[in-house]
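Everything on this sheet refers to the single structure shown next.
The values are calculated or read from the model by the stated rules, or taken from the named source; none is laboratory data. Just so you know, these numbers come straight off a predicted model, no measurement behind them. So basically every Cβ, Gly included, is an ideal-geometry build from the backbone, and we count neighbours across all protein chains shown. To get the accessible areas, we keep the full protein, side chains included, count just its heavy atoms, and leave off ligands, DNA and RNA. Shrake-Rupley method; radii C 1.70, N 1.55, O 1.52, S 1.80 Å.
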Amino acid sequence: MAIVKQRQASPISQDERRHIRDLTGLIEQLSDPNPIARRWAARDMANYPDSVSALAGQLDRETNGTVREAILTTLMLIGNTDAVSALVRCLRSEDAALRNDAIEVMKNMPDAVSMIIRDLLRDPDPDVRIFAVNILESLRHPDVQKWLIEVISNDKDINVCSTAVDLLAEVGTEDALSALEALKGRFSEEPYIAFSVDVALKRIKDNG
Amino acid sequence: MSKKRVLVIDDSATVRMYHRSVLEAAGYEVSEAINGIEALEKALAVQEPFDLYIVDINMPKMDGYSFLRQLRQQPIPQVPAIVVSTESKTHDKAQAYEAGANFYLVKPIRPDDLVAYVCLLIGQGGHQ
């Protein structure tokens, strides 16, 4: 049986967009009890870069998946420093679904993310560093391999390194070979690192 | 009797390969899914149910907690699940157990440990 993402069954009422569409009105509707009104408000706030703090605040409270999706998309469309900061904050959430949604959104923001990725890759929390590597997965940016090589050369956390190795297996070139070999030596007691590095080396050599 | 069947759910192809190689060497039959949605589809579609799920947490489309919560509501035989994650914080473990996990293991997991936990939950692999 196919699992279909839950959607609102009821049609979108014109009433939901009847209210004033200026920023003050939209902020008010963002906390409307009706999720359809909240979703429309979130969507229409894409025209207002100053709406980021209201969107971020609602994100903390929002329980409806489609509204949350609309908020994240609007943050992506706004794409300014505040919007990126709001998305980074999601990476620290205890809610795995929110973290993953934020990662997916940030993959589509190469310019904005490239400005902060080095900070994320050096974050004190290894989970955040892993999520940063996850963001690199589909980030269309010419420095992705360089950042991954820096991770496997310097990061002390085995899971951060292994996540980077997994990605290098897909996007790496011969420039990554020596860093991969060195990583294997650095974690010589860890069977998973040996396994994943061997997979990456083989794939890179096969593709080269 | 056929081999015990394990479904490995992880968005990393390398992790899936690693778990497959370890578990197949120990005599288990291994299937793979790349996220919670695909795993649920496989769990509901198979005629012979899996004996065990090995689940990652952070996956696109459907994370491991959501997968376990939805799985535990399905009218199918409920079998054990091991969550294997990079995250080691207390709230991660609590969420996993709340969602229906039997064990929470932190990556990277050594081959002997993985086989030991699987064996503890579903018995040895191989033909019976």
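Every condition in (1) modelled with pLDDT of 95 or more; (2) touching a helix residue (DSSP H, G or I) at 6+ places or on another chain (Cβ under 8 Å) holds for A:Lys146 except the one numbered (2).
Of all the criteria given as (1) in contact with a strand residue (DSSP E or B) (Cβ under 7 Å, 6 or more places away or on another chain); (2) open to solvent by less than 60 Å² (accessible area, probe 1.4 Å); (3) not in a loop (DSSP other than H, G, I, E, B), the one not satisfied by B:Glu24 is (2). On inspection, B:Arg69 passes the criterion of being more than 25 Å from A:Glu137 (Cα to Cα) and out of contact with any Phe, Trp or Tyr (no Cβ under 8 Å at 6 or more places or on another chain).
Checking B:Tyr53, B:Tyr28 one by one, the residue that is among the aromatic types (Phe, Trp, Tyr) and touching a residue at least 60 places away in the same chain (Cβ under 8 Å) is B:Tyr28 and no other.
Of everything in segment A:175-205 that is within 18 Å of A:Lys156 (Cα to Cα) and acidic (Asp, Glu), the residue that is farthest from the other protein chains (Cβ to nearest Cβ) is A:Glu181.
When you scan segment B:32-39, do you find a residue that is in a strand (DSSP E or B) and out of contact with any Phe, Trp or Tyr (no Cβ under 6 Å at 6 or more places or on another chain), even just one? Checking segment B:32-39: at least one residue is in a strand (DSSP E or B) and out of contact with any Phe, Trp or Tyr (no Cβ under 6 Å at 6 or more places or on another chain).
From the residues in segment B:106-128 that are surrounded by 17 or more Cβ atoms within 10 Å (Cβ to Cβ) and closer than 23 Å to A:Asp157 by Cβ, which one is farthest from the other protein chains (Cβ to nearest Cβ)? Among those that are surrounded by 17 or more Cβ atoms within 10 Å (Cβ to Cβ) and closer than 23 Å to A:Asp157 by Cβ, it is B:Tyr117.
Counting only residues that are of a type outside the set (A, V, I, L, M) and either at the interface with chain A (Cβ under 10 Å from one of its Cβ atoms) or under 22 Å from B:Asp63 (Cβ atoms) (or both), segment B:1-44 holds 16 of them.
Determine, yes or no, whether B:Gln47 is modelled with pLDDT under 95, open to solvent by 50 Å² or more (accessible area, probe 1.4 Å) and within 15 Å of B:Ile122 (Cα to Cα). Lay out the reasoning, then the answer.
Working: modelled with pLDDT under 95: yes; open to solvent by 50 Å² or more (accessible area, probe 1.4 Å): yes; within 15 Å of B:Ile122 (Cα to Cα): no.
No; evaluated as a whole, the condition is false for this residue.
Looking only at segment B:52-68, decide whether some residue is more than 12 Å from chain A (Cβ to nearest Cβ), within 13 Å of the chain's Cα centre (by Cα), open to solvent by less than 60 Å² (accessible area, probe 1.4 Å) and among the aliphatic types (A, V, I, L, M). Yes, there is a match, as at least one residue in segment B:52-68 is more than 12 Å from chain A (Cβ to nearest Cβ), within 13 Å of the chain's Cα centre (by Cα), open to solvent by less than 60 Å² (accessible area, probe 1.4 Å) and among the aliphatic types (A, V, I, L, M).
Show me the helices (runs of 4 or more DSSP H) found entirely inside segment A:82-201 where at least 2 residues are crowded, with 22+ Cβ neighbours inside 10 Å and free of Cβ contacts under 8 Å to residues at least 12 places away in the same chain.
On the way: elements: A:96-106, A:110-121, A:126-136, A:144-154, A:158-171, A:177-186.
Of the helices (runs of 4 or more DSSP H) lying wholly inside segment A:82-201, those with at least 2 residues that are crowded, with 22+ Cβ neighbours inside 10 Å and free of Cβ contacts under 8 Å to residues at least 12 places away in the same chain span A:96-106.
Can you tell me which residues in segment A:43-81 are in a loop (DSSP other than H, G, I, E, B) and within 19 Å of A:Met115 (Cα to Cα)?
In the first step, residues of segment A:43-81 are kept if they are in a loop (DSSP other than H, G, I, E, B); the result is A:48, A:62-64, A:79-80.
Matches in segment A:43-81: A:Gly79, A:Asn80.
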